[in-house]
Protein chains: 2
Amino acid sequence: MRIGELSRRTGVPVPTIKYYVREGLLPPGELSSPNQARYDETHERRLRLIRALLDVGGLKVAAIAEVLQAVDEPGRPVHDVLGAAANRLGPPQPDDGDDDARSEARDTVQELIARRGWRVSTDNPAATDLAHALVALDRLGHAAFAELLDDYADAAEQVARADLDYVNRRVAVEDLVETVVIGTVLGEAVFNALRRLAHVDRSAQQFGD
Amino acid sequence: MRIGELSRRTGVPVPTIKYYVREGLLPPGELSSPNQARYDETHERRLRLIRALLDVGGLKVAAIAEVLQAVDEPGRPVHDVLGAAANRLGPPQPDDGDDDARSEARDTVQELIARRGWRVSTDNPAATDLAHALVALDRLGHAAFAELLDDYADAAEQVARADLDYVNRRVAVEDLVETVVIGTVLGEAVFNALRRLAHVDRSAQQFGD
DNA sequence: ACGTAATGGATAGCGGCACTATCCGCTATC
DNA sequence: GATAGCGGATAGTGCCGCTATCCATTACGT
């Protein structure tokens, strides 16, 4: 198929597709003449993935480029690729000073990881994000929120178990790494929405209408 | 205190504070002379809240303005305000056509809500977000991911329970609505980080190094 | 065979957003 | 009385995800 049909099928404008190719999100079509290229279902699939990561997952274009590069990397150790991909899935990493609060939060995180027996290096981006959130809570006078960490971790493990089961069920059918990426990013959106729905329900229960 | 000290205490540059005032995120200081204004701890607190919602929660400035407006609204029914606030906490609402997939996803969501006995109106923004995510999954050939919805919902209820317990414990100490906002937004960041950590652990377990 | 439409490729521009810089006349402080 | 800081206003910046335009070339309908 040519770029026009790819565009029609996915709803992504032609200039946008060209832009994604330029940015390295989408491999270029195969040239049959100096100015004719063919695209196939892998392009279509990839394009849908890009839109999902962008629109639903809220990832930035540059982050998507890095993730997809890891996805495409051939024959690297699986766990390795998974880590490389997962580490690009979070929000961007700001940082401001405040070393005191930060190192205390890092300790809290480290203790949690140890308590849980999680085999995770402490410089994992997710651990950093968690520490950031705890610092922010602390600054807002909600250091006590940290008491919920174990409840949260229980739920997180439960979700992670479900996710991995899903991946295992799918491993023969689809690309492993791609499935993990989709599960991680879209699963996050799914869970966040469910959490907000559950909040509404419980607060309706408590504060009546 | 004057704006310079407010800036020093929070690490937010003076022009940025002025910008937040212009945008209605932060109430102006109280004028003591035509060009002297005083700020107090409530301003400092509010400013920290803004930065947390912005940096950790990833909310947009305009969304924060709406949320804070609801927070400040006096004597509106509690549940009402909570809803108004919560509904601005999600990601922005895009939409493209594809009515077929969409309405099917809406049905799935509606069934889930019924199955769970959640008292939530089906036009809740979170329900829409969930439907969006399901549509995206479907388009990527991962419609089967919907099988995890009940597992996810279990975990979401668990987290929501912990959150509401926390709010109840705090209700005497801090402002209710503000606590809910903080819990919702920062709790989301906390959970997402924990989920990613749990993922890493389980995939390390499975794919070893 | 010919006219129109679409293509690949390149470059420049746009709109939104979260600031940031500059300027002004005034005020607090030492 | 000098200097630093202030409130208020307006304009500009940098990034980001596109979008518009242009070009020479190729595909396609008739």
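Here are the numbers for the structure shown:
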read-out	value
Residue match in region B:38-48 (condition: more than 9 Å from chain A (Cβ to nearest Cβ), crowded, with 20+ Cβ neighbours inside 10 Å and within 13 Å of DNA strand D (Cβ to nearest atom))	yes
Filtered residues of region A:1-10 (kept if away from DNA strand D (no atom under 11 Å from the Cβ), touching a residue at least 12 places away in the same chain (Cβ under 8 Å) and over 16 Å from B:Ala136 (Cα atoms))	A:Ile3, A:Leu6
Within region B:91-209, helices (runs of 4 or more DSSP H) holding 1 or more residues that are under 18 Å from the mean Cα position of the chain (by Cα) and more than 7 Å from every other protein chain (Cβ to nearest Cβ)	B:125-139, B:149-170, B:176-207
Unique residue being touching a Phe, Trp or Tyr at 6+ places or on another chain (Cβ under 8 Å) and more than 24 Å from A:Glu157 (Cα to Cα) when the list is A:Gly75, A:Gly97, A:Gly29, A:Gly24	A:Gly29
Residue in region B:50-66 that is in contact with a Leu (Cβ under 7 Å, 6 or more places away or on another chain) and outside any helix (DSSP H, G or I) present	yes
Of all residues making up region B:11-38, the number that are among the hydroxyl-bearing types (Ser, Thr, Tyr) and under 19 Å from B:Ala65 (Cα atoms)	3
Single match in B:His142, B:His132 (criterion: closer than 27 Å to A:Leu49 by Cα and touching a Ser or Thr at 6+ places or on another chain (Cβ under 9 Å))	B:His142
Checklist (1) surrounded by 13 or more Cβ atoms within 10 Å (Cβ to Cβ); (2) assigned by TED's automatic domain parsing to the domain that holds A:Leu186; (3) not aromatic (Phe, Trp, Tyr) applied to A:Pro92, failing item	(1)
Selected residue (criterion: nearest to the other protein chains (Cβ to nearest Cβ)) from residues of region B:10-28 that are among the hydroxyl-bearing types (Ser, Thr, Tyr) and within 11 Å of DNA strand C (Cβ to nearest atom)	B:Thr16
Hits in region A:11-37 - residues which are surrounded by 12 or more Cβ atoms within 10 Å (Cβ to Cβ), more than 24 Å from the chain's Cα centre (by Cα) and either within 9 Å of DNA strand D (Cβ to nearest atom) or not aliphatic (A, V, I, L, M) (or both)	A:Val14, A:Lys18, A:Pro28, A:Gly29
A:Ala84, sole failed condition from (1) more than 16 Å from DNA strand D (Cβ to nearest atom); (2) away from every other protein chain (no Cβ under 12 Å)	(2)
Which numbered condition B:Ala52 misses (of (1) closer than 17 Å to B:Thr179 by Cα; (2) more than 14 Å from every other protein chain (Cβ to nearest Cβ); (3) of a type outside the set (Ser, Thr, Tyr))	(2)
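Rundown of residues vs (1) away from DNA strand C (no atom under 14 Å from the Cβ); (2) more than 28 Å from B:Arg196 (Cα to Cα); (3) not assigned by TED's automatic domain parsing to the domain that holds A:Leu148, yes/no style:
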position: A:Arg8; (1), (2), (3): no, yes, yes
position: A:Glu30; (1), (2), (3): no, yes, yes
position: A:Tyr39; (1), (2), (3): no, yes, yes
position: A:Arg51; (1), (2), (3): yes, no, yes
position: A:Gly58; (1), (2), (3): no, no, yes
position: A:Arg88; (1), (2), (3): yes, no, no
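The values are calculated or read from the model by the stated rules, or taken from the named source; none is laboratory data. Note that the coordinates shown come from a computational prediction; the quantities given were computed from them, not determined experimentally. Note: ideal-geometry Cβ built from the backbone for every residue, glycine included; neighbour counts use all protein chains shown.
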